[in-house]
Amino acid sequence: MAGIDYLIVRGDREEEPLATSIVSSGYYDNAADDTDILIYSGHGGSSNKNKEASDQKLVRGNLALERSLQKGNEVRVIRGLKDANSPTTKIYVYDGLYTIQESWVEKAKTGCNIFKYKIVRMSGQPGGFSVWKSVAQWKESVSSRVGLILHDLTLAAETIPVALVNDVDGERGPTCFTYLASVRYSKSFKLSHQTSFACNCRNACQSGDENNEEYDMPYPLVISARNVGNVARFMNHSCEPNTFWQPVVYENNSETYLNVAFFAMRHIPPMTELTYDYGTPRDDVPGGSNGHGRMRCLCGSTRCKGYFV
Ligand SMILES: C[S@@+](CC[C@H](N)C(=O)[O-])C[C@H]1O[C@@H](n2cnc3c(N)ncnc32)[C@H](O)[C@@H]1O
């Protein structure tokens, strides 16, 4: 899959094609070291052994790219790359908006002329193709990852290794931490049905009814994942978080427990740090809800309050 899509628009003197999107197969296009730059080869001509070689022509998609270079319009780019898990399949990643910056004619191996276009990704967009490339590189050699502390935090408890990384400062990971792959239920999280259930409905629900969905909440709830836990233990606070937490009820061996579950608040692009709001200070706990008082927040969000608890 590769090609140029374009629209015919009314120009100053005549109708002309303008490029709207490009799919790069990754086969013929030069992957520059900078993943924000794509050197794209035009279409047409012939590199097929059975056909006579010929020059590419400035028509259809090639003409559209040339006109878009002059107009400076944005072009959507989809970039293909090899699938490391299967030699016969390819992955296509939508990489956002690009503009065409340069074009030139080059001699192909056949001796014929081909068009080349330098297409540059517009700044300020979330990572797309570059993220896939980095992940593929880390899968080949995780030690190439900046700020790597541990190759596999789970010590093989999970089928996919989970790297522990700090690319912000020199702080190392916790000195004593055991990763748990499954939830360990503590008695204090066990739920029982509400005993003083006063329902005004006219249905047949009664106090202590097994179908009663109301539970006595174990309150206040204290979770310490300092030494034992899973990846959620490493989630930082943000004043503009991308997840929120909520208590959920979970059945385990015919007993009901309270779980804390995280939910996405919006679309989260791959490799984005997951964060949640640690909450507001509680008046009834000295020094705030974690007993340490306010801490200086480094979340970097434009809505940062400057502190968290
Ligand atoms: C539950 S841990 C989060 C994981 C922690 N960053 C780590 O590497 O172990 C909470 C601690 O992380 C740090 N932290 C989390 N969010 C932060 C933020 N927005 N600004 C500054 N420090 C933060 C604080 O030291 C906080 O006590």
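The values are calculated or read from the model by the stated rules, or taken from the named source; none is laboratory data. Since the structure is predicted, the reported quantities are computational estimates derived from the model, not experimental observations. Here the Cβ is made from the backbone with ideal geometry for all residues, glycine too, and neighbour counts use every protein chain on show. With ligands, DNA and RNA removed, areas are computed over all heavy atoms of the protein, side chains included. Shrake-Rupley method; radii C 1.70, N 1.55, O 1.52, S 1.80 Å.
Before moving on, here are some points about what is shown:
- With all protein chains in place and a 1.4 Å probe, the accessible surface of the chain carries 50 percent carbon and sulfur.
- Globularity index of region 1-158, i.e. its alpha-carbon radius of gyration over 2.2 N^0.38 Å: 1.25
- Across region 83-198, the relative contact order, built from alpha-carbon pairs under 8 Å that are at least six residues apart, equals 15 percent.
- Computed over protein heavy atoms with a 1.4 angstrom probe, the accessible surface ordering of Thr99, Thr175, Thr110, largest first, is Thr175, Thr110, Thr99.
- Here is how the number arises for the chain: DSSP H runs of 4 or more residues each give -39500 (n - 2.57), the sum is divided by the residue count, and the result at 222 nm is -2500 deg cm²/dmol.
- Each residue, Leu7 and Glu52, gets one label point 7 Å from its Cα in the Cβ direction; the gap between the two is 4.0 nm.
- Candidate cross-link partners of Lys116 among the lysines, defined by an alpha-carbon separation under 21 Å and a same-chain spacing of 8 or more, comprise Lys57, Lys71, Lys107.
- The mean sequence distance of close C-alpha pairs (under 8 Å, at least 6 residues apart), as a share of the length of region 69-135, puts its relative contact order at 28 percent.
- Distance between the 7 Å Cα→Cβ label points at His267 and Asp33: 3.3 nm.
- Within region 74-104: backbone nitrogen closer than 18 Å to the Ala163 label point (7 Å, Cα to C-beta): 84-85
- Largest to smallest principal axis extent of the C-alpha atoms in region 134-195, angstrom: 57, 26, 19
- Accessible surface area normalised per residue over the chain is 68 Å², counting heavy atoms of protein chains with a 1.4 Å rolling probe.
- Cα convex hull of region 79-192 - mean projected area over all directions, nm²: 14.0 nm²
- Measuring r between the beta carbons of Val183 and Thr89 and using R0 = 30 Å, the FRET efficiency lands at 0.25.
- If you plug the beta carbon distance of Thr20 and Glu213 into 1/(1 + (r/R0)^6) with R0 = 41 Å, you get a FRET efficiency near 0.20.
- For the chain, the Kirkwood estimate of hydrodynamic radius, built from reciprocal distances between every pair of different alpha carbons, is 25.0 Å.
- Potential lengthening between Asp152 and Val231 on full extension [0.36 nm per residue; Cα-Cα distance subtracted]: 27.3 nm
- The angle between the Cα long axis of helix 129-140 and the longest principal axis of the Cα atoms of the chain comes to about 70 degrees, rounded to the nearest 10.
- Cα-based helix-to-principal-axis angle, 60-71 vs the chain, degrees rounded to 10: 70 degrees
- Relative contact order (%) - the chain, alpha-carbon pairs under 8 angstrom, separation at least six: 10 percent
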